[in-house]
There are 2 protein chains.
Amino acid sequence: MKTRDRILQTSLQLFNQQGERLVTTNHIAQALGMSPGNLYYHFRNKQQIIAELFSQYQALVDGFLRVPEGRALEVADKTMYLESIFKSLWEFRFLHRDLEHLLNSDAQLAERYKAFSRRCVQSGQAIYQGMIDVGMLCADRTNAQALAVNSWLLMTGWVGFLCTSVLDDEQPELTPELLRRGVYQVLSQETGLLTEGVRSEVESMLQSYYVPLKV
Amino acid sequence: MKTRDRILQTSLQLFNQQGERLVTTNHIAQALGMSPGNLYYHFRNKQQIIAELFSQYQALVDGFLRVPEGRALEVADKTMYLESIFKSLWEFRFLHRDLEHLLNSDAQLAERYKAFSRRCVQSGQAIYQGMIDVGMLCADRTNAQALAVNSWLLMTGWVGFLCTSVLDDEQPELTPELLRRGVYQVLSQETGLLTEGVRSEVESMLQSYYVPLKV
């Protein structure tokens, strides 16, 4: 692996484990057994590392959050969307935890995030519209834009909610299970909107994401 | 009005207008035509002012977010909940905008917020359960906890979403209208869950909160 990629991988791990605020470029260099000078040769500062990790996150989400080309949506696509949401939430959980702080300290990142966030809401809307069009969701009850906006708020707010409101001495760390529950929350919005043809299939899917939540 | 209350009122105004980060105790004293020493006589620092404003916010929300005592829920209660949510979002919008930062810089506030947030989810769950019990929401489709958690995420995330993803050169400021749309987003979750007896009434209510959203 190239040094540049090793730096990114280790930074992501440390940010996810310890929170981005507590990790300095010195910590990253130390974890890699590398001199700070060598790290600075690849990245001018921590902000640049974060900007690069954000690009990776963006590419990941842009890669899955879109309607299939040349064919209608199927129930199997939902599994792909949900698993991909879960994966992106877990892999880049530091971004969701500290987003406000990250955007406040980097105006350029804030601009990129705004464009990304709008694009995600629009893609989400197209996906929900696709589900209406093929008859998975009731056309007369589903507002694709409202649903897409809510899904985006749930996805992006989930890690923060866990950190501020759920984690405690008994359960001090984010776990993949807790993030699965976030996917449950997104999918649970559809329970009242499903048409009879897909209801039982999507309800089993929903149950497979269920994780008890202590609040 | 007592000096202490005037300080709180002016701080809230300035925080809401300019963002809490950009407002110092000196700005607050200046806006009140008061010496910094006089302000420090009432509040040791900005953190203490914020903690007190959080108490006011908490009292406001705890005051309305509960099931009526001694009688069943009615559709009219929904109007009260929604208007109160709107009012609390607007009046204390700085709290929602900078929550992460505020909680990161004050461990005691973070503990208070966690207890408050859990209590709100529990109250929300009791309210949704009350709506199931009186037959407003379909019992077999509605998961009161999931709905309460989602509502809390939507309420608390709305101002942040507007700031990071909606505001731009064309629409640079938070407005009451944009916050009304947040109430629409919360209520829109119920469209698939309403029973026939209340459907048309709640759907008109929903329309009354509709504000177009440019994303």
Next item on the list: Could you run the Karplus curve 6.51 cos²θ - 1.76 cosθ + 1.60 with θ = phi - 60° over the range A:132-143 and give me ³J(HN,Hα) per residue in whole Hz, x for Gly and Pro?
Entry: 5, 4, 8, x, 7, 10, 4, 5, 7, 10, 9, 9
Check: What is chain B's relative contact order, in percent, from Cα pairs under 8 angstrom and six or more apart in sequence?
Finding: 19
Note to self: Using a Cα-Cα cut-off of under 13 Å, which aspartates and glutamates could be cross-linked to residue A:87, ignoring same-chain neighbours fewer than 8 residues away?
What the structure shows: A:177
Checklist line | For the range B:1-44, alpha-carbon Rg relative to the globular expectation (2.2 N^0.38 Å, N residues) | finding: 1.03
Margin query: Counting only other residues whose beta carbon sits under 14 Å from that of residue A:199, what net charge do I get with K and R as +1, D and E as -1?
Written below: -2
Checklist line | For the range B:115-125, 3J(HN,Hα) per residue [Karplus equation, 6.51 cos²θ - 1.76 cosθ + 1.60, θ = phi - 60°, Hz, x = Gly/Pro] | finding: 4, 4, 4, 5, 4, 5, 5, 5, 5, x, 4
Item checked: Loop-located trypsin sites (Lys or Arg not before Pro) in the range B:1-108 whose Cβ has at most 13 other Cβ within 10 Å (DSSP) -> B:2, B:44, B:71
Next item on the list: Using a Gaussian network model of chain A whose springs link C-alpha atoms within less than 10 Å, name the residue from A:30, A:185, A:17 with the highest mean-square fluctuation.
Entry: A:30
Check: Helix B:176-188 versus the longest principal axis of chain B: what is the Cα-based angle in degrees, 0 to 90, to the nearest 10?
Finding: 30
Next item on the list: Please report how far the C-alpha centroid of the range B:51-76 lies from that of the range A:75-110, rounded to the nearest whole angstrom.
Entry: 33
Note to self: Please give me, ordered by residue number, the GluC sites (Glu not before Pro) of the range B:43-97 that lie in loop per DSSP and have at most 11 other Cβ atoms within 10 Å.
What the structure shows: B:69
Notebook entry, point to check: What are the distances, in nm and sorted shortest first, from the label point of residue B:72 to the label points of the same position in each other copy, with each label point placed 7 Å from Cα along the Cα-to-Cβ direction?
Noted result: 4.1
Next item on the list: Take the alpha carbon atoms of the range B:1-118, find their radius of gyration, then divide it by 2.2 N^0.38 Å using N residues; give the quotient.
Entry: 1.21
Check: Hey, for residue A:197 with labels 7 Å out along Cα-Cβ, what do the inter-copy distances come to in nm, ordered shortest first?
Finding: 3.3
Notebook entry, point to check: What would the Debye formula give as log10 I(q)/I(0) at q = 0.09, 0.14 Å⁻¹ for the alpha-carbon point model of the protein assembly as shown, no solvent?
Noted result: -0.61, -1.40
Margin query: Which of the three applies to the range B:134-200, rounded, prolate or oblate, going by the alpha-carbon gyration tensor with a ≥ b ≥ c and a/c under 1.5 meaning rounded?
Written below: prolate
Check: Can you run phi through the Karplus equation (6.51, -1.76, 1.60; θ = phi - 60°) for the range A:30-40 and list ³J(HN,Hα) in whole Hz, with x for Gly and Pro?
Finding: 4, 4, 8, x, 10, 6, x, x, 5, 4, 5
Check: Using a label position 7 Å from Cα in the Cα→Cβ direction, what is the ascending list of nm distances from residue B:44 to the same site in the other copies?
Finding: 4.1
Notebook entry, point to check: Top mean-square fluctuation among B:32, B:14, B:178, Gaussian network model of chain B, C-alpha springs under 10 Å?
Noted result: B:32
Margin query: Nearest 10 degrees is fine. How inclined is helix B:196-208 to the longest principal axis of chain B, computing both from alpha carbons?
Written below: 30
Next item on the list: Please report, to one decimal in angstroms, the Kirkwood hydrodynamic radius of the range A:46-208 built from all distinct Cα-Cα pairs.
Entry: 16.7
Notebook entry, point to check: If you draw the axis that swings chain A onto chain B, which residue of A has its Cβ closest to it, and how far is that in whole Å?
Noted result: A:192, 1
Notebook entry, point to check: Using the alpha-carbon atoms, what tilt in degrees (0 to 90, nearest 10) does helix B:144-161 show relative to the longest principal axis of chain B?
Noted result: 40
Check: Taking the Cα centre of chain A as origin and charging only Cβ (+1 Lys, Arg; -1 Asp, Glu), how large is the dipole, in debye to the nearest 20?
Finding: 680
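Bear in mind that the values in this text are calculations on the coordinates, not laboratory data. A quick note: this is a predicted structure, and the numbers were derived from the prediction, not measured. Virtual Cβ from ideal backbone geometry, glycine too; neighbours counted across all protein chains shown.
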